[in-house]
1. Can you confirm whether the stretch A:70-86 contains a residue that is on the phi < 0 side of the Ramachandran plot, touching a residue at least 24 places away in the same chain (Cβ under 8 Å) and assigned to a helix (DSSP H, G or I)?
2. Are any residues in the stretch A:244-275 under 19 Å from B:SER125 (Cα atoms) and away from every other protein chain (no Cβ under 14 Å), and if so, which ones?
3. Identify, by number, the condition in (1) open to solvent by less than 10 Å² (accessible area, probe 1.4 Å); (2) under 30 Å from A:HIS75 (Cβ atoms); (3) not in a helix (DSSP H, G or I) that A:TYR290 doesn't meet.
4. Go through the stretch A:107-204 and tell me which helices (runs of 4 or more DSSP H), entirely inside it, have 3 or more residues that are modelled with pLDDT of 95 or more and buried (at least 23 other Cβ atoms within 10 Å of the Cβ).
5. Can you tell me which of (1) modelled with pLDDT of 95 or more; (2) touching a Pro at 6+ places or on another chain (Cβ under 9 Å); (3) open to solvent by 50 Å² or more (accessible area, probe 1.4 Å) is the one A:TYR86 doesn't meet?
6. Among the residues of the stretch A:344-396, count how many are at pLDDT below 95 and acidic (Asp, Glu).
7. What number goes with the only condition from (1) out of contact with any Asp or Glu (no Cβ under 9 Å at 6 or more places or on another chain); (2) within 14 Å of chain B (Cβ to nearest Cβ); (3) under 30 Å from B:GLU130 (Cβ atoms) that A:THR185 does not pass?
8. When the residues of the stretch B:1-18 are narrowed to those that are part of a helix (DSSP H, G or I) and over 27 Å from the mean Cα position of the chain (by Cα), which ends up nearest to the other protein chains (Cβ to nearest Cβ)?
Amino acid sequence: MFRNILNKGRRLAGLGSLVAALTVATPAMAQDKEPIVFGGSIPLSGVFAFAGIHIHAGLTDYTDWINSEGGINGHPVKYVMEDTAYEVDRSVAAFKKISGSESPATYYGDSTGFMKAIASELNSQGDTLMSGASFATALTDNEQYPYQFIPGPNYSQMFGIILEYIADQGKDGDMPTVAFVYSDTEFGKDPIENGKARAAELGIEVVEDIVTKPGSVDVSAEVLKLRRVRPDFVVFHGYVLSPINEFMVQMRQMGLDTQFMGTFWSSDKLIIDKMGADADGYMGVMPYNYYDSEESGPMLDALRAQAEKSDPEADYRPTGYMQAWFNAMVWTEVIKRTLDADKELTGDNMAEALASIKDWDTGGIIGIPVTVRDMSFPVGRIWRVNAEKGRYEPVSDWIHLD
Amino acid sequence: MDWIFFGEISLAGLAMGGLYSLIALGFVIIYKATRVINFAIGEIMMFAAYLFLAFAGGMELSAWIALPLAVIGGSLLGGVIEKTMIRPMLGESPISVVMVTIGIASILVGLVEFIWTADPQLLPSFLPREPVFIGPLYLAPKIAYGFLIGAALLIIYLLYFRFSRGGVALRATASDQAAAYSMGINVRRVFNMAWVFGSLAASLAGVLVAATGGLSPQFGIIGLSVLVVVIVGGLDSILGALIAGVFIGWLETVAGAYLGGEYRMPATFLVLAVILVIRPYGLFGTHEIERV
């Protein structure tokens, strides 16, 4: 425990000094060009801190790396953030503070709630492009959220990828059945209706949908409901860990051979670390390669090298880190395209540059070239837990939705 | 009507309700003796569950050693809180004391995040994993064994409060503090004892519930949801806590199974609303309770 406190203290001190060093050192690196600012509402504390810490590390490492590469078209990059504790009001305050003093070209939003709340202000300011932790389907509505994008598939698209995989498992015209299990939150409910519609199109029967209250203490009754319908697949959404483990363990205790799948935030290595052997066979949809996958590519290698350099003791980087790095990569690409076209960094120009991304090689972060559609990257792959090796392994090709 | 399904759902609900009763007992013992509604009870539960994680996970002690250590740790925490933060508030308004308990809850969340990080956790598995069947009815093993452990503590508590000197002192203090004081009962000690015993019940419930549903720094929110149980049963009634806990657990589970998970909480709040209209002091509570 004492060692844990020391490590935590060291990490906090490290983060603090890193932020301070960036703030102080960036002007010195500025050469003769204005810095480009990446802003961020980051949940370093509160309910989403388990991911926020790694998101912050990803954005910090990317900023260091891009500056070591000469910045963006010679402009140094400055990353400015505030801790929000995953509270919308604090996140809005952080945005106002940072956008008031730093004029960020791009900004990391920590939640769907914040990104929706800030939309009107973002639209009226018109000089910042935003993405972040949210994969909400609603944010891909270009009319309402013209300056926001999803750094991967939105939740409905994730369900689409999962359902395509499930449909491929059908044999001799016998299509597998599926049950959806989701939390009683905006996050949890997001893809359910679209998921049901897509399942119907593919001929997959949704035999049960189960909603659990957030922070559910016991899911025995819900497991009993699933036992009656015996789905071939259960797709979880809106959870990080619990109650996925309880569903899996109890359903296996009942002798069911159901397979279990989850969306992005339910597909971190955390599940393997905490569940151990019980996690074996669990599958997740992931738009990026895992840090410890066998895949490689120039950008993925650069990410691993930078991560190793910034914290040599940590031998793994969670999906939050990968997601943050990819966010910053897209920001860089968008800014570069805008500057190359000799345009100002306005919201409209950057949104236009984003929409122009077609067959973009992400250097191994995503395994195939990607194309932006409706302000999102509708691509992903199904990965399966190999508990013995303690990691996810790919069980499908990359699936790019048209 | 599928009666087997209804029976299984009911069993699961009743067993979970038993754990609610244990948490509610934590509220009631403290309120009964000291007239303080302890809004930090959920966080004391959480802290004890993290202690279990440290002992059984980090230090790799046997779960059956880690469990009593964690429960004792949680009860000691209750005692320390009473002595250092609640006792100095004696004589202050009930609202002030309630605010202190809310502050304590925040401190405990921060402390847990600092020591164990904000990562969601699973407790090391320590309860038997073989399915439990009561006749043809299936019951999840964690819930079944959790209920048995909780029920054992409840019985010990009931016997203690009924027959021991400490129990008599506590009941006397709850009835009339001035009279108890004049009869030579160390009222301050009783106050401390109530916090220790209340936290002990909550700590055991914390470990058992976390063993089922996982653990995170937000785990303490369960304590607040059990406040419904306490108000329905009566803030100062141990019997009320036991009955209301089991009933609310059953109702919540049945409503969730037949109407959908989103109806779990509305169902319990509907009961709460009805009870507050009919018997504002709860099913078994004392009439003169002044509600906060």
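The values are calculated or read from the model by the stated rules, or taken from the named source; none is laboratory data. Small disclaimer: the values here were computed from a predicted structure and weren't measured. Neighbour counts are summed over all protein chains in view; Cβ atoms, including those assigned to glycine, are modelled from backbone coordinates with ideal geometry. These area figures cover heavy atoms from the full protein model, side chains too; ligands, DNA and RNA do not enter into them. Shrake-Rupley method; radii C 1.70, N 1.55, O 1.52, S 1.80 Å.
1. Filtering the stretch A:70-86 for residues on the phi < 0 side of the Ramachandran plot gives A:72, A:75-84.
Going one step further and asking which of them are touching a residue at least 24 places away in the same chain (Cβ under 8 Å), we end up with A:72, A:75-84.
Of the ones still in play, those that are also assigned to a helix (DSSP H, G or I) are none.
Scanning the stretch A:70-86, I find no residue that is on the phi < 0 side of the Ramachandran plot, touching a residue at least 24 places away in the same chain (Cβ under 8 Å) and assigned to a helix (DSSP H, G or I), so the answer is no.
2. Matches in the stretch A:244-275: none.
3. (2)
4. Ranges flagged: A:155-168.
5. So the condition that A:TYR86 fails would be (1).
6. Counting residues in the stretch A:344-396 that are at pLDDT below 95 and acidic (Asp, Glu) gives 1.
7. The number of the failed condition is (3).
8. Here the answer is B:PHE5.
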